[in-house]
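Notes for the one structure printed next.
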Amino acid sequence: MTTPAPEVHISIRDLTMAYGSFVIQQDLCFDINRGDIFVIMGGSGCGKSTLLRHMLGLLAPAAGDILYSGQSFTLADEQAQHAMRRRWGITYQSGGMFSAMTLAENVALPLQLYTPCSRGEIADIVAYKLALVGLAGYQQYYPAEISGGMLKRAALARAIALDPEILFFDEPSAGLDPISSRLLDDLILELKESTGATVVLVTHELPSIFAIATNAVYLDAASRTMIAYGSPTELRDHSDQAVVRQFLTRGSNPGEPTEPAARSGNE
Amino acid sequence: MSDSSAGFQLVQQSDHSALLTLSGDWLQGSRAGSFAALSQQLHQATPESLVVDGAGLGQWDSTLAAFLLRCHNHCRQEGIPFTTRNLPAGTDKLLRLATAVEPHRQTAEPRGSWLAALNPLTVVARSTDFIRESLAFTGELSIALARLVAGNSNTRFEDFRHFCYQAGPEALGIISLTSVLVGMILAYLGAVQLQQFGAEVYVANLVTIGILREMGVLMTAVVMAGRTGAAYAAQLGTMQTNEEIDAITTMGISPMEFLVLPRFLALLVAMPLLTLYADLLGIVGGGIVAGGMGITPLQYISQTEQALAIHHLAVGLIKAVVFALLIAVAGCRAGINSGRSSAAVGQAATEAVVTAIVYLIVADAGINIIFQQIRF
């Protein structure tokens, strides 16, 4: 639907995140291009999920701004923010599926709220979205009745219900077996390619990062700011930050950045 | 929406195949194509194969993909070969993705309708389940209590103290309000009747006996069922959801001893004390109304003193202990047996309050009958 020209879709400008006076990350400044699969990475507790929550507007920045297609989200009024959010699809760490509703009702909810579609059309779209994530025929199941991997995929079906421009994932493959995790990666890749959506992921699953990410940012817990930005493979082999190389090689590459070690041969 | 020619056309080909040409913008709300119309045409035509041509398509979104999926599924059902050509690249890929997995056939028995829930057999089956579950819970609780008495229990005194505070001092505000009002209501009710015989002064006796034996403890129990019983169910239900109860069990600690017992004992301690407090305030409330009817405070107090007998107080306190037991059991049982979702926790809290109140009223009636028989 969109041309893959390197056009800035989301920009983070001098963002400082804090809970009260406790600063979590400061001076974050980077761009996410349209059609990117962008990974926010970093050790546990560095503020990855907090950054995502800021981008989603669930938390307000202490300083700085977040722009979507050049439009400030932080400064926009409630109505404009709402309009921007409508073009996003979000899956939460533990699914966030409404447990009192069937999968079909979960996926249908955004369609009922925001599209003029009739009931029949909505049922068709729901069937299609569930089929897309490999859950065809599971319409009448409740979230409690399906497995964790299926729950993640069902959450993805709900996230893509409105054909979003941006897809946000918070730890999509946490708690999944390697194969389910791989299938989810493939699905994200496939969806991104056929719809042209921008994908923002918070994850520290290395195989996942190398398999799908086109660009990434590394948040450092010690210095409380971003210390690396670029493609993950590039960062693994040539980053000037030892922490980043260590992170991307599971701590097994404390050597010099100039010599790209051929150890992580899994990709 | 801009393109008026959005839609589809089914053309029968000479070789018994059908050509479905799609055109225009297929966007949400453009009502480009309804599958029902196509399905009718397909039934009439009964083609041997279906070819979908998307050369004339403009913009598209999920509406198109959903339509194609229905076509694909229809053909799969009827055993007709289904091919596509000239479709936008994205759609083709998405369609392949959507049809990669066979639709799941529901193997579980169909979910019961609301009518089935009224079936006497199911009602009986559910009640027996409930009774069995309650008995099992009571049994486990008794074992935990026995272990506590024997001195080898994992119950933490700190938890007990914490729950005592929650069930006791924190409840004083709401109990004060309800008991004063109930005392006033009782006094009004009695005064209107007693006035007819010129015996207003006996309002004090009525209020004292009514509050001590019945209303003080019952109102306290109802408030505690809503306040503490529901809280217990919600706490334990959420712990079940968070797998905290699993963690406790696998550490070799009985959830009964660790979670249920402190709550149960706290309520058992708090309820009689709250009842005494409620009794006092109820009598004060009655006094306020009596004062308004021309009875002097001195008259009211001396009349109350006459009515105040130790056995009335004892009846109330015995009830308080029984009610505390029932509220704690109803709350904790609902919480421990809760499902693992937000809806299930809500259900557990509701169940805790409803069963507690039913238990209270049944137990109250039973205790009253017994005391009446033994003339206590």
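Only the coordinates and a few stated rules stand behind these numbers; no lab work does. Values in this document were obtained by computation on a predicted structure and should not be read as measured data. All Cβ positions, even for glycine, are placed from backbone atoms using ideal geometry, and neighbour counts span all protein chains on display.
Quick notes
- Distance between modelled label sites at residue B:150 and residue A:59, nm, 7 Å Cα→Cβ extension: 5.0 nm
- Chain B: angle of helix B:310-336 to the longest principal axis, Cα-based, in degrees nearest 10: 20 degrees
- FRET efficiency, 1/(1 + (r/R0)^6) with R0 45 Å, evaluated for residue B:176 and residue B:105 via beta carbons: 0.15
- Counted residue by residue at 0.36 nm each, then reduced by the alpha carbon distance between them, the extension gain from residue A:140 to residue A:100 reaches 13.2 nm.
- Coil-residue trypsin sites (Lys or Arg not before Pro) of the stretch B:299-370, DSSP, other Cβ within 10 Å capped at 11: none
- Semi-axes of the equivalent ellipsoid for the stretch B:107-193, Cα gyration tensor, largest first, Å: 38, 32, 14
- Cross-link reach list, aspartates and glutamates versus residue B:319, counting only Cα pairs under 17 Å and skipping chain neighbours closer than eight places: B:214, B:279, B:364
- Debye, to nearest 20: dipole size of chain B, +1 on Lys, Arg Cβ, -1 on Asp, Glu Cβ: 480 debye
- For chain B: relative contact order, % (alpha-carbon pairs under 8 angstrom, 6 or more apart): 17 percent
- Potential lengthening between residue B:310 and residue B:376 on full extension [0.36 nm per residue; Cα-Cα distance subtracted]: 22.7 nm
- For residue A:168, nonlocal amide neighbours, meaning residues 5 or more places apart or on other chains whose placed amide H falls under 5 Å from its own, are A:89, A:90, A:91, A:200.
- Axis of helix B:261-292 versus longest Cα principal axis of chain B: the two differ by about 60°, to the nearest ten degrees.
- Label positions at residue A:8 and residue A:241, each projected 7 Å from the Cα along the C-beta direction, are separated by 2.0 nm.
- Ignoring lysines fewer than eight residues from residue A:192 along the same chain, the ones with Cα atoms less than 21 angstrom from its Cα are A:129, A:152, B:93.
- Point-to-point label distance, residue B:199-residue B:85, nm (Cα→Cβ direction, 7 Å offset): 10.3 nm
- Viscosity 1.306 mPa s, temperature 10 °C, Stokes-Einstein D of chain B from Kirkwood C-alpha radius, µm²/s: 59 µm²/s
- Ranked by the mean number of other Cβ atoms within 10 Å of their residues, highest first, the peptides A:86-92, B:254-260 come out as B:254-260, A:86-92.
- Where only C-alpha atoms are counted, convex hull volume of the stretch B:238-376 per residue in Å³: 140 Å³
- For the stretch B:181-286, the percent of C-alpha pairs falling in each 10 Å distance bin, counted from 0 to the bin holding the largest distance, reads 14, 31, 21, 15, 11, 6, 2.
- Cα pair distances in the protein assembly as shown, grouped into 20 Å bins until the bin that holds the longest one, percent each: 15, 33, 30, 17, 5, 0
- For the protein assembly as shown, the antiparallel share of DSSP beta bridges with both residues in that region comes to about 45%.
- Efficiency of FRET from Cβ geometry, residue B:340 and residue A:231, R₀ 35 Å, rounded to 0.05: 0.30
- In degrees, nearest ten, helix A:148-159 long axis to first principal axis of chain A (Cα): 80 degrees
- Pairs of Cα atoms farther than 31 Å apart, chain A, %: 28 percent
- If R0 equals 41 Å, the separation of the Cβ atoms of residue A:77 and residue B:93 corresponds to a calculated FRET efficiency of about 0.60.
- In order through the stretch B:51-63: 3J(HN,Hα) via Karplus (6.51 cos²θ - 1.76 cosθ + 1.60), integer Hz, x for Gly, Pro: 10, 9, 10, x, 5, x, 6, x, 6, 8, 9, 4, 4
- When shorter helices are ignored and each DSSP H run of at least 4 residues is given -39500 (n - 2.57), the per-residue value for chain B at 222 nm works out to -21500 deg cm²/dmol.
- In this structure, the amide hydrogen of residue A:59, modeled 1.01 Å from its nitrogen in the peptide plane, lies closer than 5 angstrom to those of A:54, counting only residues at least 5 positions away or on a different chain.
- Derived scalar couplings ³J(HN,Hα) [the stretch B:150-159; Karplus, 6.51 cos²θ - 1.76 cosθ + 1.60; whole Hz; x for Gly, Pro]: 5, x, 10, 10, 9, 6, 9, 5, 4, 4
- Rounded to the nearest Hz, the phi-derived 3J(HN,Hα) couplings of the stretch A:86-98 under the Karplus curve 6.51 cos²θ - 1.76 cosθ + 1.60 (θ = phi - 60°) are 5, 8, 10, x, 10, 10, 9, 4, 10, x, x, 6, 6, where x marks glycine and proline.
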